Amino acid sequence: MKNFLVIGMGRFGQHLSRKLTELGNDVMIVDQNEEIISRMSGEVALAKIADCKNEEVLKSLSVNSFDMCFVCIGSDFQSSLEITSLLKDLGAKTVISKASTKIQEKFLLRNGADAVVYPEKDLAYKLAVQYSGRNVFDYYKLSEHIAVYETAVPKTWVGKTIPELDVRRVHGVNILAVRIGSDLQLADMTHRFEDTDHVLVLGDEKDIRALTKKT
C-alpha cells in the first residue's frame, strides 16, 4: 500500500483517485471546489478544500510524507506549474504532473516534475492505432517504439503452435498471451491457434503492424 496526494479534481483527477483507492492505496485529494470535495470525500482516505498555490497550505499537507504527488490541474497551466515547483521545493519525493502540450511538458519538467502525463494525447494515440489498424483490438505503448497489441490471429497460423510458427524469428515479435473467447491465457507452447483467437504480441511497432496486415 502506498500514500498518494492528488491535487486537482477534474475528471482525470477523480478517476485517478478512485482507481488508486480501489487498488488499496491511501489517497488524499485537494481541490478548491467544495462541491467536488464533498462528493468525493467518502471515496478516499482524506479530502481537503484548499488552494495549493499557497505555500503554507502545501506545508500543512506534509507533502514529503507521500510516496507520490499528482498535479492534475488541466485548465490553469500557471497553477499547475507553480504547484509542481512548490511540491519539489518542499521535499516531495516524486511529482507527476498533467500536461496538454509538448511545451507544457517541457516547462513542467524544468520546474521539478519527475514525469509528465498526457491523458488526452495518450487516449487519442491509442484510439488512432486501434481503429486505423487492421484487426487491432487493443494497444499499449511501452516506449517510443515498443508496444503490446491485441490482434487477430493470421489465417496462416490456424492449426499451428507458437514453436511451429517460430514467431520470434519470422516476425520479430513475442507472444505474451492468447485470448480464447473471453478468457485471456498466458502463451501456451502447445496451444493450436483457431481463427477466433486473439494474440497479445510484444515488439517493435513496425514489426507488429507488418504482422497485422497478414490477419
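The values are calculated or read from the model by the stated rules, or taken from the named source; none is laboratory data. None of these values were measured; they are calculated from a predicted model. Because the Cβ atoms are built from the backbone with ideal geometry, glycine has one as well, and the counts that use them run over all protein chains shown.
From the residues in the range 185-205 that are within 21 Å of residue 134 (Cβ to Cβ) and under 23 Å from the mean Cα position of the chain (by Cα), which one is surrounded by the fewest Cβ atoms within 10 Å (Cβ to Cβ)? Only one residue fits best here, namely 204. Kindly indicate whether any position in the range 35-43 is more than 18 Å from residue 117 (Cα to Cα) and either hydroxyl-bearing (Ser, Thr, Tyr) or assigned to a loop (DSSP other than H, G, I, E, B) (or both). Yes, there is a match, as at least one residue in the range 35-43 is more than 18 Å from residue 117 (Cα to Cα) and either hydroxyl-bearing (Ser, Thr, Tyr) or assigned to a loop (DSSP other than H, G, I, E, B) (or both). Selection of the range 75-102 for residues being closer than 16 Å to residue 9 by Cα, surrounded by 18 or more Cβ atoms within 10 Å (Cβ to Cβ) and among the small types (Gly, Ala, Ser) yields 80, 97, 99. All of (1) in contact with a Leu (Cβ under 7 Å, 6 or more places away or on another chain); (2) under 25 Å from residue 123 (Cα atoms); (3) among the hydrophobic types (A, V, I, L, M, F, W, C) hold for residue 103 with one exception: (1).
Please find, among 175, 208, 180, the residue that is surrounded by 13 or more Cβ atoms within 10 Å (Cβ to Cβ) and over 24 Å from residue 145 (Cβ atoms).
Values: 175 fails: over 24 Å from residue 145 (Cβ atoms); 208 fails: over 24 Å from residue 145 (Cβ atoms).
The match here is 180.
Being out of contact with any Asp or Glu (no Cβ under 8 Å at 6 or more places or on another chain) and farther than 30 Å from residue 214 by Cβ is not true of residue 144.
Does residue 128 satisfy the condition of being under 17 Å from residue 207 (Cα atoms) and not assigned by TED's automatic domain parsing to the domain that holds residue 82? No; evaluated as a whole, the condition is false for this residue. Look at (1) surrounded by 19 or more Cβ atoms within 10 Å (Cβ to Cβ); (2) assigned to a strand (DSSP E or B) and you find that residue 48 fails only one, number (1).
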